[in-house]
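All remarks here apply to the structure that follows.
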Number of protein chains: 2
Amino acid sequence: MDQQFKKKATIYDLSVLSGSSPSTVSAVLNGTWRKRRIKESTAETILSLAERHQYTTNLQARGLRRSRSGLVGLMLPIHDNRYFSAMAQTFEGHVRGRGQCPVVVSASRDPEEERRTAETLISYSIDKLFIVGATDPDGVHEVCEAAGLRHINIDLPGAKAHSVISDNYEGARMLTEAIIRQFGNDDPLRPDELFLFGGRNDHASRERIAAFHATKRALLGADPDDGVQSSGYSPDITLRAFEAFSQRHGKLPRALFINSSINMEGLLRFMAGRPAEMFSELVVGCYDYDPFASFLPFPVIMVRQNFEAMIAKAFELINEPPTAPQIFLIAPELIQPRSALKGPLDTLKDIA
Amino acid sequence: MDQQFKKKATIYDLSVLSGSSPSTVSAVLNGTWRKRRIKESTAETILSLAERHQYTTNLQARGLRRSRSGLVGLMLPIHDNRYFSAMAQTFEGHVRGRGQCPVVVSASRDPEEERRTAETLISYSIDKLFIVGATDPDGVHEVCEAAGLRHINIDLPGAKAHSVISDNYEGARMLTEAIIRQFGNDDPLRPDELFLFGGRNDHASRERIAAFHATKRALLGADPDDGVQSSGYSPDITLRAFEAFSQRHGKLPRALFINSSINMEGLLRFMAGRPAEMFSELVVGCYDYDPFASFLPFPVIMVRQNFEAMIAKAFELINEPPTAPQIFLIAPELIQPRSALKGPLDTLKDIA
DNA sequence: AGTTAATGCACCATCGATTGTGCAAGCGCA
DNA sequence: TGCGCTTGCACAATCGATGGTGCATTAACT
């Protein structure tokens, strides 16, 4: 019955009910009452009233007054991807652990959208912003800077704020090497049989491509310069790249370095409708980890970016006093084919 | 230079600069100025000042005054899953299209956490809440109801608010049938060769299990009653279920009905370290769609829940005047092995 | 000229919580 | 009794935007 359909209780309601002033009620409810020398018994009265009337703080009012909201933002390129969604999962755990409220939004890898999204979040007075895989991190930085908002880049670096990123060069080096070593000595891979698909003109892609070239040259002795087919972060564009390649050469290469799981979906689209046998000799290296991809009918070597470490490092940095922007590299891990790793979900409890 | 390190501009700043009152500035900036009969020239002055000083509305202040925030919430069980993250992606598109700000949070399938999360969101005066796959939808309902918050269940139904869910019975029927038909007439599947793994005691699992039993009985003539191994929504528990089964029977069944992609990850964990040949005869039906899973080295028939339609229907319903709670079934689609479908990402543009 | 109506905007209370300040009552002590 | 200190709390301004109300001006019209 109580407050069934009435509006939510406020400190003013409790103030009337308890006979104390609103400021006393406020202090009791937000925990600053000892500092304000409120009697213990007064506090108890108010707390029990609050409970009885199901009081909950209006966080917008608090946020307005304090000019921060208790919200912590995570800006992703997209949701629908294991790498980013695993990151979101890990991020939530951290934020919840600090008693704040995580807000996860995506900005579609569109610089304009990224800035708009940041501005919207700022309008809600979020306390911190973690910028993941932004196409234009420095654009977002300007927006945050102007609002005095603490922020940090993850996955793709910016020049104007700290960045925590995967060691893309080393990851791609390991991956390229692993692809090459996957072929035995009887029938070793030739330089013109290993191609890279996917990627844009972003920092990660550039590093990976550089490592790809260097490693090919180092291990295979040569590196024909048509070995890279940038196809953005889009399954369909990647599909078309495979189709074009296959049209030109009559088949796919024996070995592929695929820049991300999104590009890998382009390969799946290419495979769909084509006989499985066409791919039985294929060896794929993919710069991303997805448990299902790891068990495809051909060897898929993957790179698992250590997003837990990246998020942890980012939280560490964002709380430190600001210094000159720096890039922190986090080592990724090479994952052999047919590996089903634990993920952030494994820490959740479940019924038996 | 302008406002470089000053606080953000407010309507009061603009009011001083423009010589108009704060209320006039407010009206101009929020678009209600025609209704308030503000002169066009006044509006123009203020708008240009706003632009020059990079004014942005403090949405917490607006939210406090209007007692709604422009935030629309999506509560997921988890992020790290293609089904749910695809849903988040689609949801964001809808919310953005309506000029509001999407907030996606997860609640770990924990009833307590679900309620707490809802309360937190309510404290921020969110306008609407979409509750996806909640373990205790009715618990969340109470919280929303008490706050007068519009809300709707998706994926798992509640008794006290509208629910938009997959037609789990029909989906499982199709899936079970497809699994059975996957075996030719030479060596047809026997009833004791098809097992269901995964699921909890939730509505979806119950429906699927019922359809599984009924379809087995209808098509195979019998249905031994140990055919179902509930193992929650946890890869590891599912792994243990497979290990136990394999210990008991010396091998896995020839055919598996797997309740979700999460349980499917349990199968992957089982496969890891075991020779691929062990699974060459396996046929799997999975109630979920994941493009990579679709191309595993054995036939994987999948059910793709139509989350786009579910989200669309939910948006339709949540804006209608409330009526008695109803359940709306959305037909899922049976996906043949080796299918790489388009997803929500395909609507994003990408550089070529 | 005088009345009415429309125009253009200012005033002010309000949303709910926070926080600096001030003051009365109670107490110890000379 | 009187001074000063502590205890316990109330007061009131404030965060930034909103929207109902009402008051001048000017325009329209008899």
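For region A:138-183, give me each residue that is under 16 Å from the mean Cα position of the chain (by Cα), farther than 21 Å from residue A:117 by Cα and not in a strand (DSSP E or B).
Of everything in region A:138-183, those that are under 16 Å from the mean Cα position of the chain (by Cα), farther than 21 Å from residue A:117 by Cα and not in a strand (DSSP E or B) turn out to be A:167, A:168.
Scan A:70, A:99 and give me the residue that is open to solvent by 50 Å² or more (accessible area, probe 1.4 Å) and either more than 9 Å from chain B (Cβ to nearest Cβ) or at pLDDT below 95 (or both).
A:99
Restrict the check to region A:173-180 and report whether at least one residue is open to solvent by less than 30 Å² (accessible area, probe 1.4 Å) and either on the phi > 0 side of the Ramachandran plot or modelled with pLDDT under 95 (or both).
Within region A:173-180, not a single residue is open to solvent by less than 30 Å² (accessible area, probe 1.4 Å) and either on the phi > 0 side of the Ramachandran plot or modelled with pLDDT under 95 (or both).
Among the residues that make up region B:50-62, is at least one of them surrounded by 18 or more Cβ atoms within 10 Å (Cβ to Cβ) and more than 24 Å from residue A:59 (Cα to Cα)?
yes
From the list B:234, B:205, which one is in contact with an Asp or Glu (Cβ under 8 Å, 6 or more places away or on another chain) and within 19 Å of residue B:77 (Cβ to Cβ)?
Details: B:205 fails: in contact with an Asp or Glu (Cβ under 8 Å, 6 or more places away or on another chain).
On inspection, the qualifying residue turns out to be B:234.
Would you check which residues across region A:17-40 are near DNA strand D (Cβ under 7 Å from one of its atoms) and open to solvent by less than 60 Å² (accessible area, probe 1.4 Å) and list them? Explain how you work it out, then say what you get.
The initial filter retains those residues of region A:17-40 that are near DNA strand D (Cβ under 7 Å from one of its atoms), namely A:19-24, A:36-39.
Passing the criteria: A:20, A:21, A:22, A:24, A:38.
Which residues, taken from region B:319-350, are within 14 Å of another protein chain (Cβ to nearest Cβ) and open to solvent by 80 Å² or more (accessible area, probe 1.4 Å)?
Matches in region B:319-350: B:322, B:336, B:342, B:347, B:349.
For region B:229-249, check the following and say yes or no: at least one residue is outside any helix (DSSP H, G or I) and loosely packed, with under 15 Cβ neighbours inside 10 Å.
Taking every residue of region B:229-249 in turn, none turns out to be outside any helix (DSSP H, G or I) and loosely packed, with under 15 Cβ neighbours inside 10 Å.
Quick check: is even one residue across region A:89-110 part of a helix (DSSP H, G or I), within 16 Å of residue B:119 (Cα to Cα), under 41 Å from the mean Cα position of the chain (by Cα) and touching a residue at least 12 places away in the same chain (Cβ under 8 Å)?
no
The values are calculated or read from the model by the stated rules, or taken from the named source; none is laboratory data. No experiment lies behind these values; they were computed from the predicted model shown. Cβ sites come from the backbone with ideal geometry, for glycine too, and all protein chains shown count toward neighbours. With ligands, DNA and RNA removed, areas are computed over all heavy atoms of the protein, side chains included. Shrake-Rupley method; radii C 1.70, N 1.55, O 1.52, S 1.80 Å.
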